[in-house]
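See structure below.
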Amino acid sequence: MVYYVAGIVLVAFIFDFINGFHDSANSIATIVGTRVLSPLAAVIWAAAFNFAAAFFGSTAVAKAIGGGMIEQSIVTPNVILGGLLGAIVWNLITWFYGIPSSSSHALIGGYAGAAMARGGLAAITWGPKWVQTLSFIVVSPMVGLIAGYSLMLLVFWLFQRSSSARVDRFFRPAQLASSALLSFSHGSNDAQKTMGIIVGLLVSAKTLFANESGWLRHFYVPDNSIIPHWVQITAYTAISLGTLFGGWRIVHTMGSRITKLRPVGGFCAETGGALAILGATHFGIPVSTTHTITGAIVGVGATQRLSAVRWGLAGRIVWAWVVTIPASALIAAASYLALAALSP
């Protein structure tokens, strides 16, 4: 059984890799779309700052996922594995079709779906973290939109007497900083969600590892307030490696299909999105980086004229956001039931 749990930890890190792969568009689409960096340089840049968050971020989001959303007595290795499978399958489906859905909400929906398949509605710890998570499906893109729109208006006012060429010369290097900040904020929020899932698993299986020696002794976690250092470093490594491989289908959608961006627009979208994500991370809210940066891109596009935004595509993306939690929950519930049926 201890090796089964260790195998699920490995699956969690695979999800973290897919999360980085799926969400690389969040960090690099604008800087690739404005041609400030080549795709290869952009993913290396983003991966480096995803990993840098390991040394400066908090663990508030991880603790919220690990102990604030699902009744701990319901959690078993099969529940965790079912939740991970639901999130992984949904991420791969949306990646295949180039839809920038939320890996965060896929994981949360999967975790909830598997838990409810085992314990019904009583498995959910209804409270502030669920209220924050569900409300931020709407709040995060709106905050990103307002931030991107406001920053773009401020830039218009500050550079109103400058030529387009001069503005581009200033914001091309500036976009390197804004892209780095966005990648840092993505790593600081998203890597923590996988950390929380792993800690929830290890706490549920703590009796298995209480007397272990060797490398397995590191799997003993007495409660959800402790996030082992090896879990943190490995989670950030996995999401950074995933970012390095890039999800090019989604990069195309985010970087050019929603609205056309220049370096100044990319800077404003990335900066606005990053500030919104960092604020949520500070308060331990598992926010969707995908929702936030998409909202910021729309906000930047809307400053030109409303027709500059492809609202039909934006509407389809919003529908994908709405569907993500229930879809991943259903897949996870089916996965849990299959695992339970196969268990001895």
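Rank by packing, highest mean first: peptides 268-278, 86-96, with packing defined as the count of other Cβ atoms within 10 Å averaged across residues.
268-278, 86-96
How long are the three semi-axes of the equivalent ellipsoid of the stretch 1-123, in whole Å, if each is the root of 5 times an eigenvalue of the C-alpha gyration tensor, listed from largest down?
Semi-axes from the Cα gyration tensor: 30, 16, 13 Å.
Could you work out how far helix 311-342 tilts from the main Cα principal axis of the chain, as a 0 to 90 degree angle to the nearest 10?
10
To make sure I understand, if each residue's beta carbon is the centre and we count other beta carbons within 10 Å, what order do 129, 193 fall in, fewest to most?
Ascending number of Cβ neighbours within 10 Å: 129, 193.
List the aspartates and glutamates whose Cα lies under 14 Å from the Cα of residue 63, skipping any in the same chain that are fewer than 8 positions away.
Residue 63 reaches 71, 190, 223.
Over 10 Å intervals from 0, what percent of Cα-Cα pairs in the stretch 105-178 sits in each interval?
15, 28, 18, 16, 14, 8, 1
What does the net charge come to around residue 19 if you take all other residues with beta carbon closer than 15 Å to its beta carbon, with K and R at +1 and D and E at -1?
Residues near residue 19 contribute -2 overall.
Label-point separation (nm) for residue 210 and residue 126, each offset 7 Å from Cα along Cα-to-Cβ?
The modelled label-to-label distance comes out at 3.4 nm.
Using a Gaussian network for the chain with springs between C-alpha atoms less than 10 Å apart, which of these wobbles most: 293, 325, 124?
Comparing 293, 325, 124 in a Gaussian network model of the chain, the most mobile one is 124.
Calculate for the chain the 222 nm mean residue ellipticity that helices alone would give, adding -39,500 (n - 2.57) per DSSP H run of length 4 or more and normalising by residue count, nearest 500 deg cm²/dmol.
It lands at -25500 deg cm²/dmol.
Under 5 Å between amide hydrogens, which residues at least 5 positions from residue 124 or on another chain qualify, with H placed 1.01 Å from N in the peptide plane?
Amide H neighbours of residue 124, under 5 Å, 5+ apart: 71.
What relative contact order, as a whole-number percentage, does the stretch 1-122 give when Cα pairs under 8 Å and 6 or more residues apart are counted?
Computed value for the stretch 1-122: 31 percent relative contact order.
Mind pulling the per residue volume of the convex hull built on the Cα atoms of the chain? Å³ is fine.
114
Compute the helix-to-body angle for 164-204: its Cα long axis versus the longest principal axis of the chain, expressed 0 to 90° and rounded to tens.
10
In degrees from 0 to 90, rounded to the nearest 10, what is the angle of the helix 39-52 Cα long axis to the longest principal axis of the chain?
Here the helix axis deviates by roughly 50 degrees.
Given the peptides 332-343, 231-242, arrange them by the average over their residues of other C-beta atoms within 10 Å, most packed first.
231-242, 332-343
Could you grab the relative contact order for the stretch 2-342? Cα pairs under 8 Å, six or more apart, rounded to a whole percent. Working shown, then result.
Working: 678 pairs, mean separation 135.0, N = 341.
Value for the stretch 2-342: 40 percent.
Could you state the orientation-averaged shadow area of the convex hull built on the Cα atoms of the stretch 137-240, in nm² to one decimal?
Averaging across all directions leaves 9.5 nm² for the Cα convex hull.
Set Lys and Arg Cβ to +1 and Asp and Glu Cβ to -1, take the dipole of the stretch 2-342 about its Cα centre, and tell me which of 215, 276, 199 lies farthest positive.
276
What length, rounded to one decimal in nm, is gained on full extension from residue 73 through to residue 58, with 0.36 nm per residue of separation minus their alpha-carbon distance?
Taking 0.36 nm per residue and subtracting the Cα distance, the gain is 2.8 nm.
Quick check: net charge around residue 35, other residues with Cβ under 10 Å of its Cβ, Lys/Arg +1 and Asp/Glu -1?
Values: positive: 172, 262; negative: none.
Net local charge, residue 35 excluded: +2.
When Rg is the radius of gyration of the Cα atoms in the stretch 14-67 and Rh is its Kirkwood radius, what does Rg/Rh come to?
Checking Rg against Rh, the ratio lands at 1.06.
All of the numbers you see were taken from the coordinates with simple rules; none came from a lab. Since the structure is predicted, the reported quantities are computational estimates derived from the model, not experimental observations. Cβ atoms come from the backbone with ideal geometry, glycine included; neighbour counts cover every protein chain shown.
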